[in-house]
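Please find one structure pasted underneath; my questions will follow.
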Amino acid sequence: MTNFILPILAVILGVILAFITKSQKSWNTKLLLSFSGAFLLALTLFELLPEVYHHLEAKRIGLLIMCGILLQIVLELFSKGAEHGHVHIHKDEANFPWLLFISLCIHSFLEGFPIHEHNDMVYGVLVHKIPIATLITVFLLHSKFTKLQMGLFLLVFMFMTPLGTLISNLSNLQESTVLSINAMVIGIFFHISTTILFESSDGHKFNVSKFVAIILGVAVAYLM
């Protein structure tokens, strides 16, 4: 049950943080993004990647990971990078952002597939979704969308990851199919987490706080 509740809780926490910060990217949100990127990448390397390589042929896995990276690149053509903290909604925007909504839902749905009781990927998704939900909510609040539109956007977004987990764990999909999807999700996670980690700091200066957040993310993932 925890695997279904935690992703929902992440979005709720993100919404609460958005109402507290009321800004696009506060200092704390940037650090949380850095921590989440490192944590998600480390968990993917420590748990998800070995699991997939244990069951599938190596070259096939490599191809699927590359497909996942390419899929995320395509999704970001429509989301403009919202999956790793870049949300571009103008304050005067009144039309519902269908492309952003659909691409985020696809991403959230797929990231639910690797979550099961035998790994800790749910915590990686949890930490990843909190800052993303925060930034999405902030931009929605700054737009001219109705409260109903904002509520439906966040509600559907909130349940897409548990839906992916539900289908992965309870459907009649063959194990090889689920593992193949997981391999694609590895590519998605690689793209998102490395984009967060490799983004230049303000003024291209070494950011000690960001570096510490990254080290902590890796350390926590390793110790789990």
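Determine whether the range 146-153 contains at least one residue that is surrounded by fewer than 20 Cβ atoms within 10 Å (Cβ to Cβ) and either touching a residue at least 24 places away in the same chain (Cβ under 8 Å) or in contact with a Pro (Cβ under 7 Å, 6 or more places away or on another chain) (or both). Outline the logic, then answer.
So the first thing to find is which residues in the range 146-153 are surrounded by fewer than 20 Cβ atoms within 10 Å (Cβ to Cβ), and the list is 146-152.
Within this subset, residues satisfying the condition of being either touching a residue at least 24 places away in the same chain (Cβ under 8 Å) or in contact with a Pro (Cβ under 7 Å, 6 or more places away or on another chain) (or both) are 149.
Within the range 146-153, one or more residues are surrounded by fewer than 20 Cβ atoms within 10 Å (Cβ to Cβ) and either touching a residue at least 24 places away in the same chain (Cβ under 8 Å) or in contact with a Pro (Cβ under 7 Å, 6 or more places away or on another chain) (or both).
Tell me which residues, restricted to the range 20-35, are surrounded by fewer than 17 Cβ atoms within 10 Å (Cβ to Cβ) and at pLDDT 75 or above.
Passing the criteria: only Ile20.
A further question on this structure: Just checking, how many residues over the range 108-121 are surrounded by fewer than 23 Cβ atoms within 10 Å (Cβ to Cβ) and in a helix (DSSP H, G or I)?
Going through the range 108-121 one residue at a time, the tally reaches 1.
Just checking, does the range 202-222 include any residue being in contact (Cβ under 8 Å) with a residue 60 or more places away in the chain, in a helix (DSSP H, G or I) and in contact with a His (Cβ under 6 Å, 6 or more places away or on another chain)?
Among the residues of the range 202-222, not one is in contact (Cβ under 8 Å) with a residue 60 or more places away in the chain, in a helix (DSSP H, G or I) and in contact with a His (Cβ under 6 Å, 6 or more places away or on another chain), which makes the answer no.
Restricting attention to the range 194-224, and to residues there that are closer than 14 Å to Leu48 by Cα and modelled with pLDDT of 90 or more, which single residue is surrounded by the fewest Cβ atoms within 10 Å (Cβ to Cβ)?
Here the residue is Tyr222.
If we scan the range 73-96, do we find a residue that is modelled with pLDDT of 90 or more and within 28 Å of Ile215 (Cα to Cα)?
Step one: of the range 73-96, the residues modelled with pLDDT of 90 or more are 73-75.
From the residues that got through so far, the ones that are within 28 Å of Ile215 (Cα to Cα) too are 73.
Yes, some residue in the range 73-96 is modelled with pLDDT of 90 or more and within 28 Å of Ile215 (Cα to Cα).
Let me ask another. Does Asn119 satisfy being at pLDDT below 95, more than 20 Å from Ala18 (Cα to Cα) and out of contact with any helix residue (DSSP H, G or I) (no Cβ under 7 Å at 6 or more places or on another chain)?
Taking the combined requirement at face value, the residue does not satisfy it.
Among the numbered criteria (1) more than 20 Å from Thr2 (Cα to Cα); (2) hydroxyl-bearing (Ser, Thr, Tyr); (3) surrounded by fewer than 17 Cβ atoms within 10 Å (Cβ to Cβ), which single criterion is violated by Ser180?
(3)
The values are calculated or read from the model by the stated rules, or taken from the named source; none is laboratory data. Note that the coordinates shown come from a computational prediction; the quantities given were computed from them, not determined experimentally. Ideal geometry is used to build each Cβ from the backbone, glycine not excepted, and the neighbour counts take in all protein chains shown.
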